[in-house]
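Presented below is the structure to which this report refers.
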Amino acid sequence: MPIDNDDVDLFFATGAKSSNSGVNARRERVIYELVDARLQGRGTAGVTGDRASLLESALWVALESLPENFPDVADATLTRISARGGLAHRHDFELYYESSGLTTSIPLEFKVGRSLSAYPQFLQVPARQRGVVTSSGFPSYAEYVHHEFGSELSDIAGAPLPSLDEYLRDVGKFTPPPGSAFFVTLKEAAKDRERDSADRLFDVFHRSADGYLSRVEESLESAIAWENLAVDFSAQSSKAFLMWDTDASSFALERIAPETLELAGSGRAEISRRTFLRTGLLLNTASGGQVSLRLVWRNRAAVQNPAWQIKRVS
């Protein structure tokens, strides 16, 4: 799909709307087109001007530094890029390097921020199903919310609570299903400041997270899907992160050191200094650090898309 200078300008935009998924998708398309155009000898992908020139130059400075963190491609040539965005993938691009007839691919993920340490997370996974963060034998956070807080949410929505299967199916969607009176009215309630519905939903979020994490902490060894997390974390340490610093108008490439994500099999709940409620988990790593897994709701508190937001904290 062609790009234009309006797409390029999004890299220099600031404010809340500059970070939504639609804007980021357009930024990713610009990155793909700029790299692909250079590799295929197509010039500047149809964009012109100082910003386009600065962006392309900064992008290549970053890409040329990639072998510093990936010795396997130190003597290889970047020949191709493919897009891998979307819910089915956990990175945005695949970079292909050729050397002596062999092809090596490097996963690449794009993020807006000056560094990974300043970013809210390096990985975000759903909290509606078992076997992702918590084990297959332990209820998911979404299951817990339905069981323990379902009647309260039904009262706030003014609509019947769906069955557990229906709730788990629809709570992970980005918009309320048209036929679901519960999710449609719950989202409207989240916007209603006059009858304190939004505050009640935030209260449900805080109390449900605290209660659920207390149960996880009590059975930490069996409650956590340690092997699944190890696989996910290994995948994160094998990818390159392309960071865009809007203030500095520059790209940087980072890689997470594998040893900082090797879990030690122990941890505790993370407690808010403001509310004194549990907000997440702190899992210890073999290197002496910790990984934070915090519960969040991506589409309004206690309404839709509960998720675990995962980052290194030390």
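The values are calculated or read from the model by the stated rules, or taken from the named source; none is laboratory data. It should be emphasised that the depicted structure is a prediction, and the values quoted were computed from it without experimental measurement. Please note: Cβ atoms are built from the backbone with ideal geometry, for glycine as well, and neighbour counts cover all protein chains shown.
Scanning segment 120-156 for residues that are assigned to a strand (DSSP E or B) and closer than 15 Å to residue 215 by Cα yields a count of 1. If you go through segment 155-191 and pick out every residue that is surrounded by 14 or more Cβ atoms within 10 Å (Cβ to Cβ) and of a type in the set (Asp, Glu), you end up with 3. Within the set 108, 116, the sole residue that is within 30 Å of residue 249 (Cα to Cα) and modelled with pLDDT of 95 or more turns out to be 108. Being more than 29 Å from residue 62 (Cβ to Cβ), among the basic types (Lys, Arg) and touching a strand residue (DSSP E or B) at 6+ places or on another chain (Cβ under 6 Å) is a property that residue 278 has. The selection criterion, being touching a residue at least 24 places away in the same chain (Cβ under 8 Å), closer than 18 Å to residue 143 by Cα and in contact with a helix residue (DSSP H, G or I) (Cβ under 7 Å, 6 or more places away or on another chain), does not hold for residue 277.
For every residue, the table says whether it meets (1) without any contact (Cβ under 8 Å) to a residue 40 or more places away in the chain; (2) in the same structural domain as residue 294 (by TED's automatic domain parsing); (3) more than 30 Å from residue 52 (Cβ to Cβ).
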{"position": "183", "(1), (2), (3)": "no, yes, yes"}
{"position": "195", "(1), (2), (3)": "yes, yes, yes"}
{"position": "203", "(1), (2), (3)": "yes, yes, yes"}
{"position": "240", "(1), (2), (3)": "no, no, no"}
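The set of residues from segment 224-240 being within 19 Å of residue 116 (Cα to Cα) and of a type in the set (Phe, Trp, Tyr) comprises just one member, 233. When the helices (runs of 4 or more DSSP H) confined to segment 196-292 are screened for residues that are charged (D, E, K, R) and crowded, with 16+ Cβ neighbours inside 10 Å, those reaching at least 1 such residues are found at 197-218, 226-237. Selection over segment 47-74 of residues that are touching a residue at least 40 places away in the same chain (Cβ under 8 Å), in contact with a helix residue (DSSP H, G or I) (Cβ under 8 Å, 6 or more places away or on another chain) and not polar (S, T, N, Q) gives a count of 8.
For segment 119-146, the candidate set comprises residues that are at pLDDT 90 or above and among the aromatic types (Phe, Trp, Tyr); within that set, the residue that is surrounded by the most Cβ atoms within 10 Å (Cβ to Cβ) is 141. Of the helices (runs of 4 or more DSSP H) that lie entirely inside segment 1-119, those containing 2 or more residues that are out of contact with any Lys or Arg (no Cβ under 9 Å at 6 or more places or on another chain) and of a type outside the set (S, T, N, Q) span 21-39, 50-64.
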